[in-house]
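The values are calculated or read from the model by the stated rules, or taken from the named source; none is laboratory data. Quantities reported herein were computed from a predicted structural model and do not represent experimental measurements. Ideal geometry is used to build each Cβ from the backbone, glycine not excepted, and the neighbour counts take in all protein chains shown. The protein model used for the area step is the full one, side chains on, heavy atoms only, and it has no ligands, DNA or RNA in it. Shrake-Rupley method; radii C 1.70, N 1.55, O 1.52, S 1.80 Å.
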Number of protein chains: 4
Amino acid sequence: MKARKDEELRRKIYTVVFRSDTPAGRLFDLILLWLILFSILSVFLESVASIRQNYLVYIRTAEWFFTAIFTIEYLLRIYSSPKPLRYVFSFYGLIDLIAVLPAYLTLFISGGQYLVVVRAFRLLRVFRILKLSRFLYEGNILTSALKSSMHKITVFIMSVITLVTIIGTLMYIIEGDESGFTSIPVSIYWAIVTITTVGYGDISPQTPVGQLLASILMIIGYGIIAVPTGIVSVEMARATDEAKEKCRFCRGPIHPRTARFCANCGKERASADAPQPLEQAD
Amino acid sequence: MKARKDEELRRKIYTVVFRSDTPAGRLFDLILLWLILFSILSVFLESVASIRQNYLVYIRTAEWFFTAIFTIEYLLRIYSSPKPLRYVFSFYGLIDLIAVLPAYLTLFISGGQYLVVVRAFRLLRVFRILKLSRFLYEGNILTSALKSSMHKITVFIMSVITLVTIIGTLMYIIEGDESGFTSIPVSIYWAIVTITTVGYGDISPQTPVGQLLASILMIIGYGIIAVPTGIVSVEMARATDEAKEKCRFCRGPIHPRTARFCANCGKERASADAPQPLEQAD
Amino acid sequence: MKARKDEELRRKIYTVVFRSDTPAGRLFDLILLWLILFSILSVFLESVASIRQNYLVYIRTAEWFFTAIFTIEYLLRIYSSPKPLRYVFSFYGLIDLIAVLPAYLTLFISGGQYLVVVRAFRLLRVFRILKLSRFLYEGNILTSALKSSMHKITVFIMSVITLVTIIGTLMYIIEGDESGFTSIPVSIYWAIVTITTVGYGDISPQTPVGQLLASILMIIGYGIIAVPTGIVSVEMARATDEAKEKCRFCRGPIHPRTARFCANCGKERASADAPQPLEQAD
Amino acid sequence: MKARKDEELRRKIYTVVFRSDTPAGRLFDLILLWLILFSILSVFLESVASIRQNYLVYIRTAEWFFTAIFTIEYLLRIYSSPKPLRYVFSFYGLIDLIAVLPAYLTLFISGGQYLVVVRAFRLLRVFRILKLSRFLYEGNILTSALKSSMHKITVFIMSVITLVTIIGTLMYIIEGDESGFTSIPVSIYWAIVTITTVGYGDISPQTPVGQLLASILMIIGYGIIAVPTGIVSVEMARATDEAKEKCRFCRGPIHPRTARFCANCGKERASADAPQPLEQAD
């Protein structure tokens, strides 16, 4: 009897915690979203020196409050999940654990000299923001287009890396230490800053030959931005196209969605009660 | 009798002030356009220190002149509008009010210590430029394409914000105060400056690990610019396509251009001179 | 008799000077191209202080040599042109004149205090480079696509100008003189530097609110780069499409160029001797 | 008998060294890839001053180890190649030679004053990275799209170069030495930095007229990035399209996807389950 009641409670909690297609589940998700945002905000505020000096107590209190809530949420998820182990080792299960761990670690690992490391642990809690992606259901076409263009983009990025390696090395030989090109890795960093058109200006060529090579690199970078754009555009067009309805007769796409007849074979779009003139004519 | 004459005058003013499909209306709009541009120019000139010191009297006179004209225009719009209240609370009604208010506010709120605030009010008059958009009739396809891609672009921007938050936090841990990464919000600001390829260079990584992470962020930023571009290209193609040729029978758009049948009414596409073998075969 | 000989000479010169579809005309164009490039190079070298001090005599001699040749070329063009006046006032006629004028002007307008102005005149000779465009015949699809997207791009650029005006003004109020935002025009200049993702870094926001607004402007700029790209992509696709061959029967495009049958109606592509099965079936 | 054994060995080595469709060949390629990466890493490390001072002996040893292996590999390739001379003068043959030469050159050209030149020779070994491209088989569609858009992109880049030449010269006249525009070549360098939206900020306009011209250049640069993007997108769409579905009868590509007839052999596209009313009507 108790086991059955337990099972009922478990299912109820499951509906609220894991599902978002019920009013209760939706409310739970919304509250959780705001709690995550506020907990990230508290990490941000703690990092600002002037705020840390004046309001440290309040921020720490808020952090423990958030940690407590997220811990309860984590335990509820484990309790209510039909397959607890699968949840624990799933992507979001691990993110949920990482979101609460750092706060508890500060209790055990403390003392003056470890403080900086501990701060790093605490900042990891920012990964709570990854939980936000749970609330995004709209990215399907985007991710489908990106996945199918992944292969071409890898080739493109490897070509870019080869190019910046060679040009970075050349610039190191041409410019030398005076202009800030102190080593090949730094010169490659400069080449990436340039080819991506970021251009900080902390390192910039001073010799005529260096400026000529830099100009060529910039024009290349300006031109080849077209490549990933072209790849993704084509894939995006394909993904959008494939998400369209197909004609029952000729398999051609029906466009626009409100069309009553197929633009390719002229047959009326499939609807059980509609007459199908050409078929009858045969 | 007088009411009828009033009504006639009102309609006449309405034609001139609100419509731009008559010669008088077009002239009114053109004069207004130039007045707006000159009034914005006077605000610009006042903000330049050397001009303010020498020509303040002239600029102030010009501003009151523009304010007077825009006030008369505002009152005429209220008077001549068939539904005055609807105009007053419409988007352009509010903009028209905001365009004249700041000048009058400077009369009441004055005195040494409030001057800066007052200056801010006066500068708000720059919003008169929004009136310019009333003169643009060409942006329909643009706004249609942008509206239908709004959803995907929101997902994209949220992903970018998540990314810059995580990388900004990591950079704050890696680089620290010496390189200018004084707090997490500042580090996120740097990450946005970098991923958008703006790259001011006021903050830039100094450690090898920081430069490596920055390089990765740049290449990501360089690559994902393709995403919004792809989205908008596809939507733009769709919006342009749908605005294309119309069907002879039902006035619906014919899509694609090579379609043989209208997708809306199922009739064969009109081309008098082309042979129509299939029709004859029936 | 002499008139006829003159006419013959004129036509001969015309063929060499104006046409580039004969071996002589092509050689003339090629020599001219290299002369223009060398004359531009001499202007460049003169502007470099260290070279000017050491080799001024050689550079000046070279410049008079180029000026003499271009003058002869200009006179030959006037002499041989069938409608001399039309040539003189054509785009390239004016460019050809501007290319030789500055050198002669330095003879009349000389003297210590005018030197800088004279230098400006001489530098105008760089516009000879515009002559280069005469040698480009490949840009037809490009210019066609750009012309038909001109209207939408104008609307886009006006929207961008409105946006940078408003955000520039807001930044002037928020940041003030300390961060380099000394006047509204300078702030608008900064906004353009930011939204186009150039980001010099000579002016950059220092206050948190300013950095937030700048971040928003950057993300907007990063996003809306997609708009002109989308416009041009669509127009380019259209221009490429329209340059394709059409089917004789159904007016659909024939793709690829080597196709033997139309993909839409299945008829064999128009070639006088080929059988036309469907037509015969009727 | 021995000759036949030699021939067998030669073919065996050929399979391992040149082919990558056998397990042994694939392993050889993988090991080579890692050796190249490590040898490049050793060049990088040597360029970092602090590492060079402490670990020079180890790095030099590693470099000789890599040089020995690459020399053996080069000799094996010459030995096993069916047409040795053709390999030696092929692109990869020359790269393979350049990859080992610099190390041997340091033996002959040595001495204090030549050290910098020698370092340059040694750094050339970085070109070994070009060997990496041998491992990329995925770039076919990319290179096909880039090749067919090469012509239009050349026109585009020449237009950009003309534009930066003219604007660079104008900026040199307007800004002068004080703002860093010390010569026309430097001003053109600035114009390229600006139009490609890199924007180092080492040179930036200070006068109002210069900032206005720079703003125009930035907006142009922001707008025309669309041109190469549009070109490549269209070509990429074409290249992807042509690689699509094949005809059941003639193995030619079916284009567009919605086509009812093959453009190559005119036969109706194969779809067994779809009703084929027109065929029956005949």
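Inter-chain neighbour count for D:182-188: the average number of beta-carbon atoms from partner chains within 10 Å of each residue's beta-carbon is 6. With label points set 7 Å from Cα along Cα→Cβ, the inter-copy distances at residue D:177 are 3.0, 3.0, 4.3 nm, sorted shortest first.
Can you compute log10 of I(q)/I(0) for segment D:136-243 with the Debye formula, treating each Cα as one identical point scatterer, at q = 0.14 Å⁻¹? Summing over Cα pairs of segment D:136-243 leads to -0.63. Mind checking A:144-156 for the average number of partner chain beta-carbons within 10 Å of each residue's beta-carbon? Whole-number average of other-chain Cβ neighbours for A:144-156 is 3. Over segment D:1-86, accessible surface divided per residue gives 68 Å², non-protein components excluded, 1.4 Å probe. Partner shielding of A:42-50 amounts to 4, given as the average count of beta-carbon atoms from other chains within 10 Å of each residue beta-carbon. Distance from the C-alpha centroid of segment B:12-64 to that of segment C:35-70: 49 Å, rounded to the whole angstrom. Chain D contacts chain B over a buried accessible area of about 300 Å², both sides summed; the probe is 1.4 Å and only protein chains count. Scoring B:207-217, C:158-168 by mean Cβ neighbours within 10 Å over their residues and listing the highest first yields C:158-168, B:207-217. Each other copy holds its own label point for residue D:92; taking that point as 7 Å from Cα along Cα to Cβ, the gaps run 4.8, 4.8, 6.7 nm, nearest first.
Ligands, DNA and RNA aside, residue B:151 has an accessible area near 110 Å² when probed at 1.4 Å. Copy-to-copy label distances for residue D:107, where each label lies 7 Å from Cα along Cα-to-Cβ, are 6.7, 6.8, 9.6 nm in order of increasing length. When chain A is turned onto chain C, the axis of that turn runs closest to one Cβ of chain A, and that residue with its distance in whole Å is A:201, 3.
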